[in-house]
Ligand code: SF4
C-alpha cells in the first residue's frame, strides 16, 4: 500500500496516522536505533512518483484526513535542499486542504521555502510539526543528524502547532531527570510525545549499558521495548506541571496521556478510531458490547465508503484488524493493561498501582 502503513496488530489498534507520504528511498541521518532501517535499503533517491500519486488522490479527497510525512526516512534531510520532494508534497496538501504531520530531525524547518510554507499551512490548520530528539545534549546515536540543540532552536522559531517527540526515550541516556527535561523545553513546543526505545533481541548487549528491563514489543517476541513505566509517569506529571500536553506512542497507558499522541487535536481533521477511543468510552460506561461501539464523528464503517479507493482500501484493512483485536484478549493484553474482552464485552480494568503494567 503505497500511501498507507501496512496494517498490523500493533499499528491498526493504536495509530491515528496510518496514511503516509514517502519522499525518499533511504535516510542520510543513519541513526543507530532507527526502526525504519528494518523496512528499507539501498541508495537515497527521490521518490518522484509519490508526487503524482498523492496529487491524484488529493484531488479526489473531500475530507481532511491527515498524512504523515514521512515514516521511512527524514523528509527534510539534505537531499531535500535540491530535490524538494517533501516541499512539493506539502504544497499539494495545502492546495487540497489535506493536513500533514511533518515528522523530522532536520533544522530545515526554520529555513525558507519550508518555513514559510509550514507557517502558511499552519494558518489554515493544515500542519502539525513534530521534531524528534533522543536527548537534548547527546548525539552519539544520531551523529549525522543536526545537533539536538539546533533542532530545538529551529522548532522554537516556527509559528505552528508543535510536538517535541522524545523518540526514542532511552532511559539513562535521554536525560537524568524527567522534570528537568520538561522544564528545559516547556516554551519550545505545545506537547511532548514519547516512545521508549525498541530494539532487536541481539541489541540487548549494546543498549544494556543504559537499561536492563525489556518487555516484548512485537507479538512474535523478536523486538523488545524498554520497560520504563515509572519514567513515563514522571514525564506525564512534569508535563502537567509545566502546562504541556503529553502523549505516548503505542504504549497503551492511556491514563497518562492528556492529548492525541500525534498532536492532531491541535488542527481540524478527521480521525480513525483506536483503542484510545475505546478507553474514553469505557471511562464513562465501564463496559460495552462490541456491537454498541459506533465511533460517531470518526472515520468508521460507512464514512469510509465515500473515500477514494486507495485510501478507503487502506483504512478498511486497518479497521478490520482493529475490530479483530478488540475481541482477542491476548492481543488486547499485549497492547494495553487497561482494557479486556470478557463475556462478550469490553471492560475497563483498574491498574495495580504497584505493578502498573499488570491489571
Ligand atoms: S532521522 Fe529518522 S528515519 Fe532517518 S535514520 Fe534517523 S530515525 Fe531513521
Every residue from the stretch 65-108 that is within 13 Å of the ligand (Cβ to nearest atom) and in a loop (DSSP other than H, G, I, E, B): 70, 71, 72, 73, 74, 75, 76, 77, 78, 79, 105, 106
Given (1) in a helix (DSSP H, G or I); (2) buried (at least 19 other Cβ atoms within 10 Å of the Cβ); (3) without any contact (Cβ under 8 Å) to a residue 40 or more places away in the chain, number of the condition residue 239 does not satisfy: (3)
Test: residue in the stretch 210-220 that is free of Cβ contacts under 8 Å to residues at least 12 places away in the same chain and assigned by TED's automatic domain parsing to the domain that holds residue 178: yes
Residue within the stretch 82-89 that is in the same structural domain as residue 149 (by TED's automatic domain parsing), touching a residue at least 60 places away in the same chain (Cβ under 8 Å) and within 29 Å of residue 201 (Cα to Cα) present: no
Odd one out for residue 41 among (1) touching a strand residue (DSSP E or B) at 6+ places or on another chain (Cβ under 9 Å); (2) surrounded by fewer than 20 Cβ atoms within 10 Å (Cβ to Cβ): (1)
Condition check for residue 321: farther than 27 Å from residue 126 by Cα and either within 22 Å of the chain's Cα centre (by Cα) or in the same structural domain as residue 103 (by TED's automatic domain parsing) (or both): yes
Residue check for residue 244: crowded, with 20+ Cβ neighbours inside 10 Å and in contact with a strand residue (DSSP E or B) (Cβ under 8 Å, 6 or more places away or on another chain): yes
Test: residue 336 is modelled with pLDDT of 95 or more, over 21 Å from residue 4 (Cα atoms), within 18 Å of the chain's Cα centre (by Cα) and in the same structural domain as residue 217 (by TED's automatic domain parsing): no
Search result, residues across the stretch 307-316 that are touching a helix residue (DSSP H, G or I) at 6+ places or on another chain (Cβ under 8 Å) and outside any loop (DSSP other than H, G, I, E, B): 310, 311, 312, 315, 316
Qualifying positions in the stretch 39-64 - more than 12 Å from the ligand (Cβ to nearest atom), on the phi < 0 side of the Ramachandran plot and assigned to a loop (DSSP other than H, G, I, E, B): 41, 43, 45, 47, 48, 61, 62, 63, 64
The stretch 252-264 - residue that is touching a strand residue (DSSP E or B) at 6+ places or on another chain (Cβ under 7 Å) and either buried (at least 17 other Cβ atoms within 10 Å of the Cβ) or outside the structural domain of residue 166 (by TED's automatic domain parsing) (or both) and, of those, nearest to residue 126 (Cα to Cα): 264
When residues of the stretch 14-38 are limited to those that are part of a helix (DSSP H, G or I) and within 15 Å of the ligand (Cβ to nearest atom), the one surrounded by the fewest Cβ atoms within 10 Å (Cβ to Cβ): 38
Answer from 92, 127, 192, 158 - the residue that is buried (at least 23 other Cβ atoms within 10 Å of the Cβ) and within 30 Å of residue 62 (Cβ to Cβ): 127
Residue check, residue 115 outside any loop (DSSP other than H, G, I, E, B), away from the ligand (no atom under 14 Å from the Cβ) and either without any contact (Cβ under 8 Å) to a residue 40 or more places away in the chain or surrounded by 23 or more Cβ atoms within 10 Å (Cβ to Cβ) (or both): no
Hey, residue 204 in contact with a helix residue (DSSP H, G or I) (Cβ under 6 Å, 6 or more places away or on another chain), without any contact (Cβ under 8 Å) to a residue 60 or more places away in the chain and more than 19 Å from residue 331 (Cα to Cα) or not: no
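The values are calculated or read from the model by the stated rules, or taken from the named source; none is laboratory data. Because the structure is a prediction, the values reported are computed rather than measured. Heads up, the Cβs are rebuilt from the backbone with ideal geometry, glycines too, and the neighbour counts pull from every protein chain shown.
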